[in-house]
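Encoded as structure tokens, the structure appears first; notes follow it.
The values are calculated or read from the model by the stated rules, or taken from the named source; none is laboratory data. As the structure is a computational prediction, the values presented were derived from the model and not from experiment. Positions of Cβ are backbone-derived with ideal geometry, glycine not excepted, and every protein chain shown enters the neighbour counts. Side chains are part of the model used for accessible areas, which takes the heavy atoms of the whole protein and leaves out ligands, DNA and RNA. Shrake-Rupley method; radii C 1.70, N 1.55, O 1.52, S 1.80 Å.
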Amino acid sequence: MPSTALFTDQYEFTMLQAALKAGTAERRSVFEVFTRRLPEGRRYGVVAGVGRVLDAVENFRFDAGVLGFLRERHIVDEPTLQWLAGYRFRGDIWGYPEGEVYFSGSPILRVEGSFAECVLLETVILSILNHDSAIAAAASRMSTAADGRGLIEMGARRTHELSAVAAARAAYVGGFDSTSDLAAGFRYAIPTVGTSAHAFTLLHDSERDAFQAQVDSLGHGTTLLVDTFDVAEAVRTAVDIAGPELGSVRIDSGDLLLVAHRVRKQLDELGAVNTRIVVTSDLDEYAIASLAAAPVDAYGVGTRLVTGSGQPTCSMVYKLVARARSTDPTAPLEPVAKKSLGGKLSIGGRKWAARRLDEHGVAEAEVVGIGDVPPELADRQLLVQLVRGGEIVAREPLDAARERHIAARGALPMSAIQLSRGEPVIPTEYVGPDTAAYA
């Protein structure tokens with residue numbers, strides 16, 4: 001993987017240079033990633049991108065090309081360039097494991113080390129977590145709306161080519177089953193699917209010729225696109241060519257509810273009772289929910305998914321919450337926090353987080369605290385160690401994150417799956433010193 005050291009903002013480097021000159025760069029520091037509020041109307045968030053963050057931290061290196069760029073642009077001075085040449089993150093990172101749900105104030109990620117090594121990671125960490133978590137949250141909502149029916153991510157042509165790969169990964173964490181993006185399949189082993197577009201039908205002299213060519217090439221289990229011309233005629237032709245073993249038909253336009261019912265009736269009458277119906281066409285969670293009564297077997301979602309279904313970011317921030325008064329490794333950490341106006345308040349101090357459950361095992365509060373963890377919450381802590389002394393200690397298969405999300409979402413109150421706008425499904429409670437004003 002190429003260096004990720006320039007996936008950042010210039011002020012990270014100018015702060016580093018000034019801190020090195022002031023003698024404060026090596027003070028032990030704690031940064032935390034959190035969001036002050038969930039996106040409007042969302043009832044829970046989904047942590048996604050943790051695995052990509054670990055890759056980015058591991059590859060945050062300053063090779064000759066990167067250092068040359070910084071020198072040529074006069075971004076930092078020579079002493080800072082010399083410091084950067086030997087940069088390796090050697091601190092610790094704790095965080096919510098990928099796929100977990102989160103709420104306002106949840107300390108999603110905690111980065112500990114010297115100020116110098118931690119501050120440089122701010123932008124790349126936020127870039128990954130804000131994007132991936134937004135996509136995963138949209139995917140999760142679509143997954144609950146689909147209620148067990150198949151979900152295909154197909155938004156590559158609606159976003160930046162690199163964002164498309166990350167979006168497919170995040171969608172898989174959030175509950176999607178497959179992607180049309182081969183780069184995502186190659187990089188993350190996500191199942192890939194895809195057959196043909198309208199152009200393939202239009203290429204041939206007739207729809208029959210197009211269907212015959214596709215079946216000859218891909219077999220009777222393929223998916224035939226039936227709405228290029230007349231849907232009813234296309235379905236008859238599809239079954240005539242492929243027989244009752246036809247895998248699927250895809251509908252990409254029109255009144256999907258009405259057309260799906262008509263196509264299902266026609267397929268059954270033609271003996272293709274096991275042929276599946278896949279629908280596409282600018283779907284989102286609301287459109288998917290509206291098709292709950294339709295005989296649809298799978299949904300293909302593009303634009304609305306890769307843009308977060310109206311919420312393209314989670315507004316996560318990366319804030320210094322504690323630092324030592326000196327560079328002495330044994331100096332105690334002191335809480336620090338921004339106290340500006342306009343709702344941008346932060347709580348200082350190194351935090352833990354736990355989820356309190358009711359007597360039925362259903363989540364009833366996100367508890368965020370400073371200091372000792374109450375005994376009753378000791379086994380409900382959410383943060384796990386991801387990096388220890390600069391070494392990654394928590395890599396896992398993507399399927400583990402996907403399964404974790406399903407379990408975490410299932411432990412929330414039932415109102416979590418409602419698509420109507422509302423407040424977070426559980427409150428965030430703050431405990432410990434310096435948190436009373438936020439309770």
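Worth pointing out:
- Residue match in the stretch 198-218 (condition: part of a strand (DSSP E or B) and within 27 Å of Leu291 (Cβ to Cβ)): no
- Any chance Gly247 is within 19 Å of Val215 (Cβ to Cβ), small (Gly, Ala, Ser) and within 37 Å of the chain's Cα centre (by Cα): yes
- The stretch 288-301, subset surrounded by fewer than 22 Cβ atoms within 10 Å (Cβ to Cβ) and touching a residue at least 40 places away in the same chain (Cβ under 8 Å), residue farthest from Ser248 (Cα to Cα): Ala289
- The listed residue being open to solvent by less than 10 Å² (accessible area, probe 1.4 Å) and of a type in the set (Gly, Ala, Ser), out of Ala210, Ala232: Ala210
- In the condition set (1) open to solvent by 10 Å² or more (accessible area, probe 1.4 Å); (2) under 22 Å from the mean Cα position of the chain (by Cα); (3) not charged (D, E, K, R), Gly45 is compliant with all but (1).
- Of the set (1) at negative phi; (2) open to solvent by 10 Å² or more (accessible area, probe 1.4 Å); (3) modelled with pLDDT of 95 or more, all apply to Arg37 but (3).
- Against the numbered list (1) touching a helix residue (DSSP H, G or I) at 6+ places or on another chain (Cβ under 8 Å); (2) surrounded by fewer than 20 Cβ atoms within 10 Å (Cβ to Cβ); (3) among the hydrophobic types (A, V, I, L, M, F, W, C); (4) part of a loop (DSSP other than H, G, I, E, B), Ala337 comes up short only at (1).
- Remark: pairs (first residue in the stretch 45-59, in a strand (DSSP E or B); second residue modelled with pLDDT of 95 or more and among the small types (Gly, Ala, Ser); Cβ separation under 7 Å; 6+ apart in sequence or on different chains) = Gly45/Ser133; Gly45/Ala137; Val46/Ser133; Val46/Ala136; Val46/Ala137; Val46/Ser140; Val46/Gly174.
- The sole residue among Glu117, Glu112 that is among the acidic types (Asp, Glu), in a helix (DSSP H, G or I) and closer than 24 Å to Ser29 by Cβ is Glu117.
- Annotation: of all residues in the stretch 220-242 being under 35 Å from the mean Cα position of the chain (by Cα) and in a loop (DSSP other than H, G, I, E, B), the one that is farthest from Leu270 (Cα to Cα) is Thr228.
- When the residues of the stretch 250-275 are filtered to those that are within 30 Å of the chain's Cα centre (by Cα) and crowded, with 19+ Cβ neighbours inside 10 Å, the one that is farthest from Ala298 (Cα to Cα) is Leu256.
- Qualifying positions in the stretch 362-372 - under 26 Å from the mean Cα position of the chain (by Cα) and open to solvent by 20 Å² or more (accessible area, probe 1.4 Å): Val362, Glu364
- With respect to the conditions (1) touching a Lys or Arg at 6+ places or on another chain (Cβ under 6 Å); (2) closer than 14 Å to Val387 by Cα, Pro107 lacks only one, and its number is (2).
- Residue match in the stretch 333-344 (condition: within 30 Å of Gly148 (Cα to Cα) and touching a strand residue (DSSP E or B) at 6+ places or on another chain (Cβ under 8 Å)): no
- Picking from residues in the stretch 373-384 that are open to solvent by 40 Å² or more (accessible area, probe 1.4 Å) and within 26 Å of Gly49 (Cβ to Cβ), the one that is modelled with the lowest pLDDT is Arg380.
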